[in-house]
Structure formats: C-alpha cells, structure tokens
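The next block holds one structure in the form of structure tokens; read it before the comments.
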Amino acid sequence: MRLPLLLNLVACCFFSSTVFPQTKTIPLETKRHALVLRVSDQKDVHICYLGKRLHQIGEYETIQDVYKQATDYTGLLNSAYTPSGSRNLAEPAISVTHADGNQSLDLRYVSHETQQLADGISLLEITLKDPVYPFEVRLFYKAYFDDDVVEQWSQIKHQERGTVTLHKFASANLHLKANAYWLRQYYGDWAREMQPEEERLTHGIKVLDSKLGTRAHLFQPPVFMVSLDRPATEREGEVLLGSLQWSGNFRTDLELDPQNNLRIISGVNNYASDYSIEKGEVFTTPIFMYTFSAQGKGLASRNLHNWARNHKLLDGNGQRLTLLNNWEATYFDFNEEKLKDLLKDTKKLGVDLFLLDDGWFANKYPRNGDTAGLGDWEENRSKLPNGISTLVKEASANGVKFGIWIEPEMVNPKSELYETHPDWVIKQPNRDEYYFRNQLVLDLSNPQVQDFVFGVVDDLFTKNPDLAYIKWDCNAVIYNAYSAHLNNQSHLYIEYVRGLYKVLERVRSKYPTVPMMLCSGGGGRVDYAALQYFTEYWPSDNTDPMERIFIQWENSYFYPAIASANHVTDWGKQPIKFRTDVAMMGKLGFDIVVDHLNDNDLKFCQNAVQTYNGIKEIIWHGDQYRLTHPRENSVASMLFVDKAKDNGVMFAYLVNNRYDEGSHLPIRLEGLDPERRYRISEINLYPGTSSPIAHEQVYSGDFLMKIGFNPQVRKGRESVILQMEAE
Ligand code: DGJ
C-alpha cells in the first residue's frame, strides 16, 4: 500500500498550498524513479518531472519553481497527452475529427485515482475531458515498484452524435528535461537484426516507425534507449529504455523542442490507420513501457529482465526445453525414416526435444520448397505416410519430446486454402498480387480466419496431445493492404494485430503452458505484447556465432536470456565449442547434422548439454551483467549471477584479433558478494584440451569486482566459460 498513502499525503499537502491554490501534483513513484504530473490552474495536465526519485515526496512541489524560467505552463508545449487543434502546438499524441467535422481537441483534468493492484503494483488513472465536446481520454500508468518499470496506455471515448475519427492515438506522451539527449536505436533486415546506432538528438522530430504490418519489426524494432546529458554506459548515467508492446506498425516520435525538452510520443503507427469510433465505444491503445535508471544501462536492463520474467514473458520464471531442430539439417528434404534417425540423434545429443521445421504438410501442392503448400496443414502423405502422431510416439519411445513448426497466418497462392478462400487473403481486389517469400498474409481481422488459425494449433494438439512445443513463424510483410471483410479499410492494420491476439488468447486459454517460440523469418517480430503468449523468441536466422554475439548482446538490453532461443548451426567458421558457448548464453538448441560430427565434436556437444543443464538456472533466472562490450573491446564478456550470489557463469569471446589482442588485462566482474570467496574454474572444455586457469584458486568477490579476473582469451582460446562458486 505504498503509493496511495504517499499520493494522499501529497494531495493533502497541495490542496492546502497557498502558493499554487489551484494546482495539484500527482507523483508516480517506483523504487528509484519518479514521474511527476501536475495539474495547472487551467486544468492542463503536464509532466513536470521524470527522473531519479527524491527522498522527500513533498519536494516535488518545488520542481515547478525550479523549472519556471524554462517552461511554459500555459500548455503550449508540455502536456501529459498532447491534443491537437487547440492551444498546444507540439507534435500531438492525439488528433481527431469530431462528429460535426471540427478538428480541434482540448483535454482538461477531471479526476484521478490510484489503485493498488498487488503488492508493489499500482495503477494511476487520470481522466481528461474536452470542455466543449463530449470527448474523454483516460490515461493509465501502471507502476511496478521494485523493477522501476512503468506501463502506460490510454482509453479514448466520446458521446458525440455520430462517428469520431481518430487520426493519431498514442499510448504515451513523456516529457524529459536535460541539457542533451542521446538516442540508441536499432535497424535491421533478415540475418542482420538489432544493429545499433547511437547519436545525439538534434532539435525537431526523429521518428522510429514501421509500416510493414505483420513482420513489423524487420527493419526497425520498437525498442530504444534515451540517455540524458551524456551517453549512459553500463554502470553510469541516466537512461530510459522504452518500447511499444504491439506486434504491428508502431511509431515513436522523439521531439526536441527549442527549450530542450524531449517529448517521446509512442503508439500504434497512424499511417493509413484513421480509426473511427462510435458513441460510447472505447478505443484502448496498446501499452508503451519504459524503465528509467540513474545507474546506467546495466541496471535498466536487469530491471526489465526481472519485470519481464515476473510479469510479462509467458512462464518467465519457469523451465525451458533444449532441442534439436532439423531446419538446416534437412530443409524441406526429409521423410519419416530420416526423422526417426533424427529422433535418435536428439537422444544421443542429450537434449530434451526434437523440433520438426517447415515442409511436413500439404498434399495437392506439397510443401517441398517455399513456393507452395502454405495454408494446407495436413501431413504430406508421401513424406509422412503415418502422420505426425507416429513421430510423436516414436519420440516418446526414444525418451525425448516432439515439437513442430507452423506459420498459420500465411498462405501460398499455390495452395488449396487459397483456392477455397481467396477472400481470406489480404490483397487489393483490383491490383496484381505482390509476394514476399512467395506468400500472402491471411486476413486476421476476419473472425472466420481467426477460427481457422486457432484451428491449426488446436487440431495439432487434439490429434497429438503429447506435442510439446510450437515454433510459430511469420515470414511475410503486408503488401497491398486490403481486407475483403472490413468495411473500413483504414482499420486493417490495427484489426489484424487485434485478431492475432484474439487467436493467441484462445490458444493460451486452452493450452496455457506449452512452450512456443516466436519467430518471424528470424527476429522480424519481437515485442512484449507477443511475448505474453510465447516462452521464447528467435533473434535471427543468422547463427554465425560471431554475429550472434552482437545480436544477442543488443537484445539482452531489453529481453532476458531465458527468452533468447540460440541454436548451434553450421553458420560461421568457428569451431563447435565457440558456436556452442555462444548459444549457451540463452536457451540452448542445435540445428546440425549430428551424424556429421566427428567423435570429439560429438563428445563435446554431449558434455556441453550436460554442462548447460548444470548452469542454465543461473542463465535463465539470474542477473545479467555485460562486462566488456564487443563493439568496444577485443574480448566480449557477459556474466550471469544467481539471485543468491552463490554462483556465476562468465562467457568471454575473442571478437577482434587485429594485433593478436586478447585479454591481457583482467575483466572486472559485477554482482558478486564482496564479502564472500569464489572458486573459479573453467568449464565446457573441448575434449583433449586443458585450461591454463588454476582450478584451486579462490578470490573474494571484492577482489573480483575491483581487480577482476583474466579469462585468458586469446588465439587458440577464442571462447572461454568460467564458473564461480561461492565457498
Ligand atoms: C524462417 C525461420 O526463421 C527459419 O528458422 C525456418 O523456420 C524457416 N522460416 C522455415 O521456412
């Protein structure tokens, strides 16, 4: 009951204030962070502070005095939800056309209330109304106290006679104050996901957005960071990490105004998406989430990981299955016999599950390549004459589990589904079809299509109750956006995503725990709205371990390692040990031809799976520390420490060897108990090799964090895993 009590105190204090008789301050506090809203005497709601939490809550009162010179409180620029067409001339969070054709909107404070939803979770709701039109917006701020995470969204509603059109409808509108701001953003493409760029923001508006529809995050993921005053490092600096929880088109505006305020407006992309609402209808935006840290990116990301595991990611605190996938081992070329051999290989490797990838379905137009069959989800009779159920049983007989790949949102024009239901496909009625990977997207705004997509999953589980895993792929973007089902075409991008969530809700209410991988031709769709339904995501088809160090590194700022599905494949030139070590920094899988491994490589992999089983708890549920960054050092190094600080696992890789560089200097560890002593040993050694690291050495946590430890990464020892065990 921490927050309401504080809020009441502050409310009393400000109601009785003689300095600002009409104003009200609404602080939203988490453990180390505060967002302070203020209601002016004009009833405008501003954000007057976003930053480190103050010791004395009453002191939020004076923030207005301190910023008075620099801030215009008439509502010209600062608003907690900027309306357009009236007094506020900044980039709007919301813009509308009223039922009578008028385009102005003003939003004034009506009331606010805070509820305690659970211990450490509060929900602040602020109601705003237009003084002229019967138009209302509710702003929601859900605060996760311990993790310093805030989720924001809004609800829009009117009582006008007729239809109101929403042209922009952001989830959140933040307002930051600093001397300068550095934006870390990402771009990408297939096999090049999560490429970072960091730059100082200049005045004007920087827009991060996507218009791709389904595989929406392919070119630009929704995650970003903003550092205040100077670029934050892992351990120092004020930084905000944010993202929209939405698996479709998004838009984040970062507007730096002439007074050096930074406004961050984030929501569904309004591109081609005017949304009409009728009298009384409630439009709820998706959630924008952020965390703020005054101790650098490291703390911010650990807070996000804790929040994700505790509150968002499906089964975030649970277990995961190691696996053998056949995609790169066979592509479309397999049959029952081959798969039975792979089931034996799964057992031989020692992993938990065999994952059958693309190519197992369709008969009229068999799925022997990516040009046909998508949509026809019955087993291909010539490849699998005895169906999936035989394989599921065979897997059990081998003591392993069985999982399967699907891409249920998509269709090849060469398919029976397309022939039967051309109206279920997103395409312009009067234009040539245009394909992405030879396929089109099904119209999930249509409830019949939702039933079909749910049916794909439901059928598989009904026929194979022991099915233990789903890889859900999504390989195409939406071209020629048009729905034969919708009357209002500008609703399509939004209704598609809502339709997808309806299907996923149904899947999860019937099959609440079965693990599912969120895949989109690599990492083309990763966000926290989708991850409520998935236990893991596929960061990239690029499994070259050198590239994966970088891709996994950037993802690790936003998503916990337990959610990162990392497979050992034949990509890259590195030896199997390097490839496996990199894949172990998350959820381990293999996609190799086990038969092709020489004796030592096979032995190494088998031992590695056992080693991984011994350390996976620390990686999945511990705290993650990025020690030395691969873009700034010759050695990249990542550490995981369990919550009790009993055990740690440190990964180190040679990422640059221009001058025979290696780790000549010790690397400082973090997160250990300074008072305890840790025994360090090298693990996951390749058969026949020995470690130069003395096994019996013991160091205090204090020593390891102040002086550090040298993993002796160098040519010939390009990849090293160290284990720390407290005595
Ligand atoms: C794209 C995925 O990213 C791959 O892992 C694989 O499942 C293929 N699709 C199958 O078509």
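Let's see if you can work this out: charge +1 on each Lys and Arg Cβ, -1 on each Asp and Glu Cβ, no other charges. What is the dipole magnitude of the range 305-450 about its Cα centre, in debye to the nearest 20? Can you show the working numbers first?
Values: 18 positive and 23 negative charges, 111 e Å.
Using Cβ point charges on Lys, Arg, Asp and Glu, the range 305-450 gives about 540 debye.
Three principal axis extents of the range 139-278 based on alpha-carbon atoms, in descending order, are 53, 37, 35 Å.
Compare the peptides 289-301, 657-669, 628-640 by average per-residue count of other Cβ atoms within 10 angstrom and give them in order, highest first. List each step's numbers first, then the result.
Numbers: 289-301: 23.2, 657-669: 14.9, 628-640: 20.4.
With the highest mean Cβ count within 10 Å placed first, the list reads 289-301, 628-640, 657-669.
In units of the rule-of-thumb radius 2.2 N^0.38 Å, the range 517-670 shows an alpha carbon radius of gyration of 1.04.
For the peptides 516-529, 562-575, the ranking by mean Cβ contacts within 10 Å, running from highest to lowest, is 516-529, 562-575. Spherically averaged projected area of the convex hull of Cα atoms, the chain: 32.4 nm². Over 20 Å apart at the Cα level, from the set K211/K414; K31/K52; K463/K510; K312/K645; K52/K645, are K211/K414; K312/K645; K52/K645. Amide H contacts of L597 (H built 1.01 Å from N, in plane; Pro and chain starts excluded): no residue 5 or more places away or on another chain comes under 5 Å.
Over all directions, how big on average is the projection of the convex hull of the alpha-carbon atoms in the range 87-138, in square nanometres? So the Cα hull casts an average projection of 4.8 nm². From most to least packed by mean Cβ count within 10 Å, the peptides 38-47, 116-125 give 38-47, 116-125. Per residue, the accessible area of the chain comes to 37 Å², computed with a 1.4 Å probe over protein heavy atoms only. The C-alpha atoms of the range 217-282 occupy a region whose extents along the principal axes are 48, 32, 21 Å, arranged from largest to smallest. Amide H to amide H, with H built 1.01 Å from N, K645 comes under 5 Å of no residue 5 or more places away or on another chain.
Between R230 and T371, the modelled label-to-label distance comes to 5.9 nm, taking each label 7 Å out from Cα in the direction of the beta carbon. Counting 0.36 nm for each residue step from S382 to E419 and taking away their Cα separation leaves a gain of 11.1 nm.
Might you report the magnitude of the Cβ-based charge dipole of the chain about its Cα centre, with Lys and Arg at +1 and Asp and Glu at -1, to the nearest 20 debye? Write out the running numbers ahead of the final one.
Values: 77 positive and 94 negative charges, 180 e Å.
So the magnitude is around 860 debye.
Rounded to the nearest 0.05, the FRET efficiency derived from the C-beta distance between N600 and K573 at R0 = 22 Å is 0.80.
Leaving out ligands, DNA and RNA, what percent of the accessible area of the chain is carbon and sulfur, probe 1.4 Å? Display every interim value, and only then the final one.
On the way: 12720 of 26650 Å².
After summing per-atom areas, the C and S share lands at 48 percent.
Pairwise Cα distances in the range 21-64 exceed 15 Å in 34 percent of cases. For the range 226-366, the relative contact order comes to 22 percent (Cα pairs under 8 Å, sequence separation of at least 6).
Viscosity 1.306 mPa s, temperature 10 °C: Stokes-Einstein D of the range 358-455 from its Kirkwood Cα radius, in µm² per second? It would help to have the intermediate numbers written out before the result.
Details: Rh = 14.6 Å.
In µm²/s, the coefficient is 109.
Dividing the convex hull volume of the alpha carbon atoms of the range 117-163 by its residue count, what do you get in Å³ per residue?
Values: hull volume 3.2 nm³, N = 47.
Taking only Cα atoms, the range 117-163 has a hull volume of 69 Å³ per residue.
Label reach from V593 (point 7 Å along Cα→C-beta): in the range 312-346, amide nitrogens under 15 Å belong to 326-335, 338-339, 341-342, 345.
If you sort the three axes of the alpha carbon gyration tensor as a ≥ b ≥ c, you get a/c of 1.5 or more for the range 449-566 and a/b no higher than b/c, which makes it oblate.
Amide H of R53 versus every other amide H placed in the peptide plane: which residues, excluding those fewer than 5 positions away on the same chain, fall under 5 Å? Those lying under 5 Å, H to H, from R53 are H33, A34.
For the range 389-510, what is the convex hull volume of the alpha-carbon atoms per residue, in Å³? Walk me through the numbers before you get to the answer.
Details: hull volume 13.8 nm³, N = 122.
Hull volume over Cα atoms, normalised by residue count, gives 113 Å³.
Say R0 is 45 Å: what FRET efficiency, to the nearest 0.05, do K643 and D432 get from their beta-carbon distance?
My answer for the efficiency is 0.20.
Shown here is the pair-distance distribution of the range 127-195: with all Cα-Cα distances grouped in 10 Å bins from zero up to the longest one, the shares run 14, 28, 29, 22, 8, 0 percent. Summing +1 for each Lys or Arg and -1 for each Asp or Glu among the other residues whose beta-carbon sits under 9 angstrom from that of Y331 gives -4. Shown here: the range 346-413, whose C-alpha atoms stretch 40, 22, 16 Å along the first, second and third principal axes, sorted largest to smallest.
Using bins of 10 Å that start at zero, the share of Cα-Cα pairs per bin across the range 612-727 amounts to 15, 48, 33, 5, in whole %.
Toward the positive end of the charge dipole of the chain, with +1 on the Cβ of Lys and Arg and -1 on the Cβ of Asp and Glu, the farthest Cα among F145, H311, G589 is that of F145. What's the FRET efficiency of D459 with K347 using the Cβ-Cβ distance as r and R₀ = 30 Å, to the nearest 0.05? With a Förster radius of 30 Å, E is 0.65.
Cross-link partners of K129 among lysines, defined as those whose alpha carbon lies under 23 angstrom from its own and excluding same-chain residues fewer than eight positions apart: K24, K43, K142, K157, K168, K279.
Size of the dipole of the range 313-398 about the Cα centre, Lys and Arg at +1 and Asp and Glu at -1 on the beta carbon, nothing else charged, in debye to 20?
240
Considering only L417, Y49, T330, and ranking their Cα positions along the charge dipole of the chain that arises from unit charges at the beta-carbon of Lys, Arg, Asp and Glu, the one farthest toward the positive end is Y49.
Helix screen, the chain: DSSP H segments with Cα axial length of 18 Å or more and mean Kyte-Doolittle hydropathy at least 0.5 are 2-15.
Note on the chain: helix-only mean residue ellipticity at 222 nm, from DSSP H runs of 4+ residues weighted -39500 (n - 2.57) and normalised by residue number, equals -6500 deg cm²/dmol. Computed over the range 272-431, the Cα gyration tensor eigenvalues convert (square root of 5λ each) into semi-axes of 37, 31, 13 Å, ordered from largest to smallest. Farthest towards the positive end of the charge dipole of the range 206-258, among the residues L244, V207, H217, is the Cα of H217, using unit charges on the Cβ of Lys, Arg, Asp and Glu.
Across the chain, the relative contact order, built from alpha-carbon pairs under 8 Å that are at least six residues apart, equals 9 percent.
The values are calculated or read from the model by the stated rules, or taken from the named source; none is laboratory data. Note that the coordinates shown come from a computational prediction; the quantities given were computed from them, not determined experimentally. Glycine also receives a Cβ, built like all others from the backbone with ideal geometry; neighbour counts cover every protein chain displayed. The area values use the complete protein model at the heavy-atom level, side chains included, leaving out ligands, DNA and RNA. Shrake-Rupley method; radii C 1.70, N 1.55, O 1.52, S 1.80 Å.
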